[in-house]
Every structure is written in structure tokens, then in C-alpha cells.
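Report on one structure; see the data block that follows.
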Amino acid sequence: MDLTVLLLAGIAAIYDYVLAHTLFCLVPAFFIAGAMAALIPRDKLLPYLGKDSPKIIAYPIAVVAGLLLAVCSCTVLPLFAGIRKGGAGIGPAIAFLYTAPATNIVAILYTGNLIGWDFALARIIFSIVFAVIIGFIISKITDHDENKEATEAFKKHADGVDSKRLIYLFGALLGILLVGTRISEDTIKYPVVAGLIILTWWISSSYFTKEEVSEWMGETWIFAKNIAPLLLIGVFASGIIREVMPPDLIPTYMGQNSLLAVVIPVLFGIFVYFPTLVEVPMARMFLDLGMAKGALLAYMLADPVISLPSILVVRKIMGNKETAIYVLLIFVFTVIAGLMAGRFLWT
């Protein structure tokens, strides 16, 4: 195929993507992720992740900690190793390892805007349920010598966090994102968004110090510069793949709610590595080419969470037995989720 045709297909995909999804989806999402990283003290959450902490507290905290991070399956590994070394129980640590790539705020917002909010809701619900179940299973069937000295440190109570100002700020930021993506009438959308931007500026200047705002802007810039180029590369690649892929390939093998249709994308998602969020435009491409939504959900539940590079690293942290169980559970649960969703949600 002519190289010019492939380049034009990739450029056209980037043009459509930037036009439709950057200003009112990714930009607010980056600011939200930056605020979460800079203004919510994650170290205040860690004392509740110890192996002796009540499970009803430890697992939700692990999920919330994952929600704060927009990282891929490989980037989360040093954080996973760090909280394990610090004394976190294996179950909550696994829940964190699963949710950080799968349920972070940027990924969910991006999924909702690009694929659909029903799909994003299904993704986050299944991801949270699977993270807790997989963490609980591994904690029960594996033996671990926990670091007792470090675990004692996890029992110390953390200081409270001024939540009111955070509620104001995140409410305004979410308002910008929702109004910008859900209201199509420009005469309503742009004035309301402008008002919310002014409100966000007033909240940040009234309730936060200059140092906090500066740290927030710094974290936002880090997210943008690290993620945006990879997203553009992923979108460019998806445009080329769409051009060269036989039009009947995906509808033939993955266009229905069958076991084979779900297993193929799950295996692809487990072993092929994509940087964080790149799986979303890839999933959009698969959907446009005819992949069934149940199979697509199974792919989205597997791809961000694990990859061949991350499997090799997890093996060094957890060991062969635990890693094999972890990968097997991800495969089984994501396949079941795809079949269930295809049967009951998107028939």
C-alpha cells in the first residue's frame, strides 16, 4: 500500500481526534488529574492499607489511591513495590496494582467521551469489583511473610484533610468537563464553560496557597507532556491500522458475543503493551471496525492492567506462583465480564 495513503490516514485520525476530544475532554481531565496528584495527600491514605487494617477500609482506600493516578501497567509497578515494602497487605496492594491503570480518572473520563458513558460506567464497575476480588483471592491462597515492623507504621492515624475546598475545586473542574462534552449548543456551552473557568480561578486563588497552585500546575503539565504525545502516536497508529486491516477481519471473528470473540481481544490486551490511555483510541477503532461491545469491554478490562513487560516485573516482586494466579484471574474474569456484558448489557 502507498506510504502516502497510510500517512494521510494517520494524520486524518489525529485531526478528528484533536478536533473532537482535546479541548473539552482531555484538557479538563489533565487539570483534574493534576489536582488529585498535587492536592490530595496520598500518603494520608497509605496508613490504612496494612495487612491488619479492616478489609472494609483497606480495599476501598486501595481503589481510591488507584483512582488518583493516571498511569499504565508498567508505570504503576514501582508504586506497587513501594507500598508492599512499606507494609501494605498483599490483597490491598494487588487491588491498587489493578485499579491504578484501569480506573484512574483520566481513563474513565476519556473512555466516556470517546466510546460512551454506559461503556465507561461498565468499565469502572467491573474494574473495581475485579480488583477487590482478585486481591482478596490472592491474599487468601498465597502465604506471605509480611514486614511486621513496617506494618506497625501503617497503624498510625493520619491527619485530616481539608475536604471542603477540594470539593469546591473538583466540582468546578468536573462542571467544565461535563458542560463541554455533554452540551452541544455553542451559545450555551461556551458562556457556561467561561463562567466555570472564572469560578475555578476564584476558588484556587481564595482557598489554596500559591505553592499549592504552583504544584497543581506542575503536576498537570507533567501529565500533559507525558501522556499527550503518546496519545497522538496511538491515534496515528490506529488510523493506519484501520486503513490496512481487512474490513471483514474483526466482524468475522470478534463481531458477536461468543467465547472466541471475547478470548481473542483479551489475550491481545494481556500480552501487548500500550502506554496509558492509548488503549482508548485503539478500542474506538476496534468498535468502528465492528467489534462487539462485550468483546471490546473485555479488551478494555485487560489491556490497561497488564502486559508482557509488566508480567515480567510483577514476577520479580510477587514470585512465580502469585504472578501466575494474578494473570489467570485477570484472564478468567475479563472473559466472563465480556460474555456477561454482551449477553445482558449490549444484546
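Here, each number is a calculation from the coordinates, and none is a lab measurement. All of these numbers come straight from a predicted model, not from anything done at the bench. Backbone-built Cβ (ideal geometry, glycine too); neighbour counts: all protein chains shown.
Values computed for the structure shown
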quantity	calculated
Alpha-carbon radius of gyration plus Dmax, which is the widest Cα pair, for region 167-206 in Å	10.1, 32
For region 260-265, 3J(HN,Hα) per residue [Karplus equation, 6.51 cos²θ - 1.76 cosθ + 1.60, θ = phi - 60°, Hz, x = Gly/Pro]	4, 5, 8, 5, 4, x
Residues SER258, SER205, SER127, SER139, sorted so that the one with the fewest Cβ neighbours within 10 Å comes first	SER205, SER258, SER139, SER127
In Hz, Karplus ³J(HN,Hα) per residue of region 302-308 (6.51, -1.76, 1.60; θ = phi - 60°; x = Gly, Pro)	9, 4, x, 7, 8, 7, 4
For region 287-347, fraction of C-alpha pairs farther apart than 14 Å, in %	60 percent
Stokes-Einstein D (µm²/s) once Rh is taken as the Kirkwood radius of region 196-347 over alpha-carbon pairs, at 25 °C in 0.890 mPa s	138 µm²/s
